[in-house]
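Everything on this sheet refers to the single structure shown next.
The values are calculated or read from the model by the stated rules, or taken from the named source; none is laboratory data. Quick caveat: nothing in here was measured; it's all calculated off a predicted structure. Don't worry about glycine lacking a Cβ; one is built from the backbone with ideal geometry, like all the others, and counts go over all protein chains shown. For the accessible areas, the whole protein counts, side chains as well, though only heavy atoms, and no ligand, DNA or RNA atoms are used. Shrake-Rupley method; radii C 1.70, N 1.55, O 1.52, S 1.80 Å.
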Amino acid sequence: MNIANILARKGSMAVTVRPEQSIRDALALLDRHNIGALVAVEGDRPVGILSERDIVREAAHNEKFFARVVADLMTRDVITGQPHDDLLSVAHTMTERRIRHLPVVDQGRLIGMVSIGDVVKAQRDHYQGEVDTLQTQLLADEGGPAR
Amino acid sequence: MTPLIGTPERPLRAAIIGAGPTGFYTADHLLRNARVVEVDLFDRLPTPYGLVRLGVAPDHQKIKFVTNVFDKVAATPRFRFYGGVEFGKDITLADLKAHYHQIVYCTGAQTDRRMGIPGEDLSGSHPATEFVAWYNGHPDYRDCTFDLTQERVAVIGVGNVAVDVVRILCRTAEELATTDITDYALEALRKSRVKEVYLLGRRGPAQAAFTNPEVKELGELADADVTARPEEVELDPLSRAAVERSQDRATQKKVEILKAYARRQPTGKSRRLTLRFLVSPVELIADGAGGVAALRLVRNELYATSTGALQPRATGHFENLPVGLVFRSVGYRGVPLPGVPFNESWGVILNDKGRVLDSDTKQPIVGEYAAGWIKRGPTGVIGTNKPDAAETVECMFEDLASGAVLEPAHPEAAAAEALVRQRQPNYFSYADWLKLDAIETERGRAQGRPRLKFTSIDEMLAALGR
Ligand SMILES: Cc1cc2nc3c(=O)[nH]c(=O)nc-3n(C[C@H](O)[C@H](O)[C@H](O)COP(=O)(O)OP(=O)(O)OC[C@H]3O[C@@H](n4cnc5c(N)ncnc54)[C@H](O)[C@@H]3O)c2cc1C
Ligand SMILES: NC(=O)c1ccc[n+]([C@@H]2O[C@H](COP(=O)([O-])OP(=O)(O)OC[C@H]3O[C@@H](n4cnc5c(N)ncnc54)[C@H](OP(=O)(O)O)[C@@H]3O)[C@@H](O)[C@H]2O)c1
């Protein structure tokens, strides 16, 4: 299982902002899409990530945080994933490095975003699938031999 | 105000397209709900169960018992099966919109992923999808031919499908004769001259997609020795670190199994199966008559991406592997349905958690849903489709609650049946299928086999006296 398997059933693209946009714009986007992070892009290329945490951190000590721009608050050192990255490695790296949102790029171009929640759910569904296969088999056995 | 939908007076009418495991799980989730739901399950084939009948290997009969559970779903009074009715041909989206409140696409992945290398289409090169459909008796593939006079065969990819393919190639006719493999495939494989079979992985043993019970079975074949190259199953430093870090028992075990294969000495069996790793085919070399003479392979090394995933990278080392027959088992791929938005990148219906999305606005389209392989891509075992279908059905009931359903002009079961009858007078009901099933099983019993499949629609019609 890899990142592509998550993106396949996640219609929404990553929600993006430009670095020069205001934090007010960013908050509106987070609210409108009911999400926790935005990818800052120049063209198709991700240059940073802005999470609700980054904003909270700033708001805690700066009353005028609204006036700042995305570039001031975003994390620039973004780790990105690729569609064929295995989920086991991705899960490990995200937990280890405390990354909650992973922008996904294909040949440098942003194509989506997966959250740690998506990764955990995909792994859980994977194990659940094995269990459900066995359960279906058990239920079938009660019905006698296969037709 | 219109009366509530989902009541005995006004049942929710749902059409499910595709009677594979996902179609049945979806039907089950719908029918178990407190709301009154009527389900019509369509399949382009007369026979239900999708890949459980036409994908799962014939020498894996036990797993096919799951169909008992699907039969129980089909026995529900508010369930109907319309076999031999194809979406996009016999019935259209407009037809369904006129008869149902909700439509769920569960059409699976009907074709193969292309590799995009020169020589892929030489006559001795086939997608595994076709071979699998052929030996299992899919009516569309019964006339395929494979040159089993070749002694050397390569199977590209190391997923469970590739393992199925090499196992079927390596089994003896006696082993196969107790399965429900089709008669024509049994005859062809009985005459097979295949001696050397190669299974080719582009990454290392720790990254192989096949699962442990499947790879273990390769070591227990009656008349085929299994082997691997010691230097290819030895883990490189990156893989070793990844395996240690993840403490993943299954992967550790997999590597142990493969190392044990590398230590095995040939025991003089008639066939030899060699598992290779860290090689990518870059070209199929022609033999001058349009067939395959060899596979050109490049040796790979692994590198870690930014998320720590290990991916293959070509080195400058090449080799030619002489083979006359090639099966490409690099994954299935969904095909678009007429009028339904498609996501070309992943080969799935464009969806969010199962809600079909409009291609332009990326907003949900009222009344259309997807589940299973056509929703998330061609991975996962039979049971994986159960939670997947549950997620889609949850969206369906959420939307019903908020009133976002279609408003069909003819929401009566009888109207839908009349439409099907008109479009496809020869459709197959579930009762028809159960009759065919009984005949297939009976014919099999006479030969000591689980069943003898019908492999053409004409045969099926004739068996029902039509
Ligand atoms: C070769 C192979 C072997 C496998 N072996 C195992 C195994 O041993 N154990 C295991 O647990 N899993 C196995 N799997 C995985 C399992 O088969 C899949 O997870 C499962 O079948 C996917 O279910 P689905 O219903 O989404 O698709 P499918 O099973 O493919 O069903 C799709 C159905 O839709 C129908 N359809 C398609 N297009 C249309 C249309 N236009 N109109 C009407 N009907 C249509 C098709 O005829 C088909 O019946 C195997 C898969 C393969 C490919
Ligand atoms: N017995 C069973 O339970 C059973 C039997 C059959 C199928 N299934 C299930 O059905 C699903 C589909 O199986 P599958 O085997 O089709 O898919 P799969 O498990 O995704 O395997 C595909 C294989 O093809 C390789 N591959 C892809 N592109 C390639 C390329 N260009 N060159 C070389 N190799 C390439 C992949 O390697 P990479 O990993 O490097 O991409 C992988 O080894 C799986 O979830 C499987 O478990 C289960």
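At-a-glance table
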read-out: Loop-resident sites, the range A:1-87, for trypsin sites (Lys or Arg not before Pro), counting at most 10 other Cβ within 10 Å (DSSP); value: A:Lys64, A:Arg76
read-out: Angstrom value of the Kirkwood radius, inverse mean 1/r, which spans all Cα pairs in the range B:135-289; value: 16.7 Å
read-out: Percentage relative contact order, the range B:233-347, counting C-alpha pairs under 8 Å, at least six apart; value: 17 percent
read-out: Rounded to the nearest 10 Å², the accessible area of B:Lys435 at probe 1.4 Å; value: 110 Å²
read-out: Chain B, dipole about Cα centre (Lys/Arg Cβ +1, Asp/Glu Cβ -1), debye to the nearest 20; value: 1060 debye
read-out: Span from the the range B:256-330 Cα centroid across to the the range B:205-242 one, whole angstrom; value: 13 Å
read-out: Helix-derived mean residue ellipticity, 222 nm - over chain A, DSSP H n ≥ 4, -39500 (n - 2.57), to 500; value: -13500 deg cm²/dmol
read-out: Extension reserve of the B:Ser270-B:Ala446 stretch, reckoned as 0.36 nm per residue once the Cα distance is removed; value: 60.4 nm
read-out: Chain lengthening between B:Ile117 and B:Thr7 when straightened (0.36 nm per residue, less Cα-Cα); value: 34.0 nm
read-out: Accessible surface, chain B, averaged per residue in Å² (probe 1.4 Å); value: 40 Å²
read-out: Chain B - Rg over Rh from alpha carbon coordinates, Kirkwood radius; value: 1.00
read-out: Probe 1.4 Å, protein heavy atoms only - accessible area per residue of the range A:3-140 in square angstrom; value: 53 Å²
read-out: In the A-B interface, the accessible area buried, summed over both sides, Å² (probe 1.4 Å); value: 3300 Å²
read-out: For the protein assembly as shown, diffusion coefficient by Stokes-Einstein and Kirkwood Rh (Cα), 25 °C, 0.890 mPa s, µm²/s; value: 94 µm²/s
read-out: B:Val323 accessible area, assembled protein chains, probe 1.4 Å, Å²; value: 0 Å²
read-out: Exposure ranking of B:Leu258, B:Leu122, A:Leu134 by accessible area [1.4 Å probe, largest first]; value: A:Leu134, B:Leu122, B:Leu258
read-out: Spatially proximal lysines relative to B:Lys453 (Cα-Cα < 18 Å; intrachain offsets below 8 disregarded); value: B:Lys62, B:Lys64, B:Lys435
read-out: Contact order relative to length of the range B:372-455, as percent, for alpha carbon pairs under 8 angstrom and 6 or more apart; value: 11 percent
read-out: Long-range lysine pairs (8 or more apart or interchain), the range B:115-331, Cα under 28 Å; value: 13
read-out: Which of B:Ser239, B:Ser280 is most accessible, then next, and so on - probe 1.4 Å; value: B:Ser280, B:Ser239
read-out: Centre separation in Å (Cα based) which lies between the range B:143-175 and the range B:397-466; value: 32 Å
read-out: Dipole moment magnitude, nearest 20 debye, the range B:33-107 about Cα centre, only Lys, Arg, Asp, Glu C-beta charged; value: 200 debye
read-out: Heavy atoms of A:His61: accessible area, 1.4 Å probe, square angstrom to 10; value: 140 Å²
read-out: For the range A:3-140, the Rg and Dmax computed from alpha carbons only, in angstrom; value: 17.4, 64
read-out: Positive-end extreme of charge dipole, the range B:115-331 - chosen from B:Ala289, B:Ser239, B:Thr267 (charges on Cβ); value: B:Ser239
read-out: Ellipticity estimate at 222 nm from DSSP helix runs (n ≥ 4, -39,500 (n - 2.57)) divided over chain B, nearest 500; value: -9000 deg cm²/dmol
read-out: Added length on full extension, which subtracts the Cα-Cα distance from 0.36 nm per residue, B:Ala413 to B:Glu283; value: 41.4 nm
read-out: Counting DSSP beta bridges with both ends in the protein assembly as shown, the antiparallel % (nearest 5); value: 50 percent
read-out: Candidate lysines for bridging to A:Lys10, where Cα separation is under 21 Å - those fewer than 8 sequence places away on the same chain excluded; value: A:Lys121, B:Lys353, B:Lys362, B:Lys375, B:Lys386
read-out: By accessible area with a 1.4 Å probe, ligands and nucleic acids excluded, highest first: order of B:Trp346, B:Trp433; value: B:Trp346, B:Trp433
read-out: Whole-percent carbon and sulfur share, accessible surface of the protein assembly as shown, 1.4 Å; value: 51 percent
read-out: Rg/Rg_ref, the range A:73-147, where Rg_ref = 2.2 N^0.38 Å and atoms are Cα; value: 1.62
read-out: Relative contact order (%) - criterion: Cα under 8 Å, at least six apart; region: the range A:3-140; value: 26 percent
read-out: Other protein chain Cβ atoms within 10 Å, averaged over every residue that makes up B:340-349; value: 3
read-out: Qualifying trypsin sites (Lys or Arg not before Pro) in the range B:81-189, DSSP loop, other Cβ atoms within 10 Å at most 13; value: B:Lys89, B:Arg114
read-out: Rounded Å value of the spacing that divides the Cα centres of the range A:25-76 and the range B:21-36; value: 42 Å
